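The values are calculated or read from the model by the stated rules, or taken from the named source; none is laboratory data. Values in this document were obtained by computation on a predicted structure and should not be read as measured data. Cβ atoms come from the backbone with ideal geometry, glycine included; neighbour counts cover every protein chain shown. Quick note on the areas: whole protein, heavy atoms, side chains included, nothing else; ligands and nucleic acids left out. Shrake-Rupley method; radii C 1.70, N 1.55, O 1.52, S 1.80 Å.
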Amino acid sequence: MNPNDRDHDIVLLGATGFVGRFTARHLARSAPDGVRIAIAGRSLSRLQDVKRELGVDWPIVEVDTADDGAVDRLAASTRVVATTVGPYLRYGMGVAAACARAGTSYADLSGESVFVARSIDRNHEAAQRSGAKIVHSCGFDSIPSDLGVGLAHAAAGGVPIVAATLRVRSLRGGISGGTIDSLRQQIKETATDASARRLVGHPYALTPGPSVRLPGHTGSGWGRERGTWQAPFVMGAYNQQIVQRSNCLTDWSYGQLMRYREVVATGRGVAGFARAGAVGLATAGFVGALWFAPTRAILDRVLPAPGTGPGPEAIARGRFVLDVDVYPVEGSPMRTRVAAPYDPGYGGTGVMLAESALSLALDELPDRAGVLTPMVAMGGKLADRLRAHGFTWDVAPLS
């Protein structure tokens, strides 16, 4: 079936979830007239509630992701599927595979190394044959990282990069219940599967890896640089996999020896050192507690459940500022300042997913198909869309 001969332009799967509602709200406000949007999920009544809340007349598609036939029909009915239904390791593979077969572009919010690696293995060649763009990680995981490096690399003249570092300058906002559940499910999978365990934290989990590597290729992120203490960023291990996949998909245009890392800048002096230690210990303690069933059971009582999140006032206070510094082999280092007046895990992620879906449906994009990254699939087109909604993507020489 021709992807342009479909009933819908975009189907939002999981519109009734917490982040799904943010995504639907943004589509209702910002999609151009004439874009054919539908919402999908298991509960007709909850989907009708979303329609009433938004004041839209979008079609509803009842679908259970466990029903392969229904998922196939969903993929065949639209040009793009955007899904918030995670954990993707449990609920996403059938949807991504159906889209790859049907020539339907796909966007999700996955930050799950195991899921994305398996999706590449199962879907990349099928999507290349059908012309589908299967794009994982279209939220705070991993658009700021991926576009930040790609835009700075282009501004540096496209020459190979020696190193790139994302620094979290400020971040206010919560982690969604869905994100926590994805982490929980991935940890359960890796606890019983040695091959899955080897993927997590490996910078080349989503690529065949370059032919040459430097010793100590990734760096821990812990330490002091330019007098400022810093600690590893909790999302850095996954985001580096997406950045290196962009590198691989563009024939290692960033350079086979590029080192990429993500850190949290914690300040100078004794206070900065103490904050860096606290961030590092808290991150390690949280992930460690999820590894063991007794401590995981305790955390489950206090952490947000899937489909839930903080109140509107807390979300309204959310925002983030990140710097992505790129050091080319020749010429001036470049910095992409990435910022937005949104909670990164909720409102900001909803905007990023919605604009990714609109870009896949409406923009003239590079002639690439397969399991791609946001930068390779949409690149500057997506950055321009996000700028129109309050995001900063400022690229300038690093002073």
- prompt: Taking the stretch 1-44 as the search range and keeping residues that are closer than 18 Å to GLY345 by Cα and among the basic types (Lys, Arg), which one is surrounded by the most Cβ atoms within 10 Å (Cβ to Cβ)?
  reply: ARG21
query: Does the stretch 357-371 include one or more residues that are surrounded by fewer than 21 Cβ atoms within 10 Å (Cβ to Cβ), touching a helix residue (DSSP H, G or I) at 6+ places or on another chain (Cβ under 7 Å) and modelled with pLDDT under 85?
result: no
field: Residues (acidic (Asp, Glu) and closer than 18 Å to ALA102 by Cα) located in the stretch 344-382
entry: ASP367
- prompt: Restricting attention to the stretch 330-341, and to residues there that are modelled with pLDDT under 95 and over 10 Å from ALA396 (Cα atoms), which single residue is least open to solvent (accessible area, probe 1.4 Å)?
  reply: GLY331
- prompt: What are the residue pairs meeting all of these: first residue in the stretch 60-81, first residue closer than 17 Å to ALA357 by Cβ and open to solvent by less than 60 Å² (accessible area, probe 1.4 Å), second residue in a strand (DSSP E or B) and among the aromatic types (Phe, Trp, Tyr), Cβ atoms under 9 Å, and 6 or more apart or on different chains?
  reply: ALA75/TYR106; VAL80/TYR106; VAL81/TYR106
field: Wholly enclosed helices (runs of 4 or more DSSP H) of the stretch 10-129 bearing at least 3 residues of a type outside the set (A, V, I, L, M, F, W, C)
entry: 18-30, 44-54, 68-76, 88-91
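Each row is one residue, and each column tells you yes or no for (1) over 23 Å from PHE18 (Cα atoms); (2) buried (at least 24 other Cβ atoms within 10 Å of the Cβ); (3) modelled with pLDDT of 95 or more.
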| residue | (1), (2), (3) |
| --- | --- |
| TYR91 | no, no, no |
| GLY94 | no, no, yes |
| SER119 | yes, yes, yes |
| SER137 | no, yes, yes |
| PRO160 | yes, no, yes |
| SER170 | yes, no, no |
Residue count for the stretch 372-393, restricted to those that are in a helix (DSSP H, G or I), touching a residue at least 40 places away in the same chain (Cβ under 8 Å) and either out of contact with any helix residue (DSSP H, G or I) (no Cβ under 9 Å at 6 or more places or on another chain) or open to solvent by less than 20 Å² (accessible area, probe 1.4 Å) (or both): 7
message: So, LEU151, is that one open to solvent by 10 Å² or more (accessible area, probe 1.4 Å), over 19 Å from GLY86 (Cβ atoms) and either touching a helix residue (DSSP H, G or I) at 6+ places or on another chain (Cβ under 8 Å) or at pLDDT below 95 (or both) or not?
response: yes
field: Where ARG319 falls short, out of the listed (1) closer than 23 Å to ILE37 by Cα; (2) open to solvent by 10 Å² or more (accessible area, probe 1.4 Å)
entry: (1)
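Please state which one of ARG224, ARG213, ARG261 is outside any loop (DSSP other than H, G, I, E, B), open to solvent by 50 Å² or more (accessible area, probe 1.4 Å) and at pLDDT below 75. Talk me through it step by step, then tell me what you get.
Working: ARG213 fails: outside any loop (DSSP other than H, G, I, E, B); ARG261 fails: at pLDDT below 75.
So the residue among ARG224, ARG213, ARG261 that is outside any loop (DSSP other than H, G, I, E, B), open to solvent by 50 Å² or more (accessible area, probe 1.4 Å) and at pLDDT below 75 is ARG224.
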field: Residues of the stretch 178-210 satisfying the condition of being of a type in the set (S, T, N, Q), in contact with an Asp or Glu (Cβ under 6 Å, 6 or more places away or on another chain) and modelled with pLDDT of 70 or more
entry: GLN186
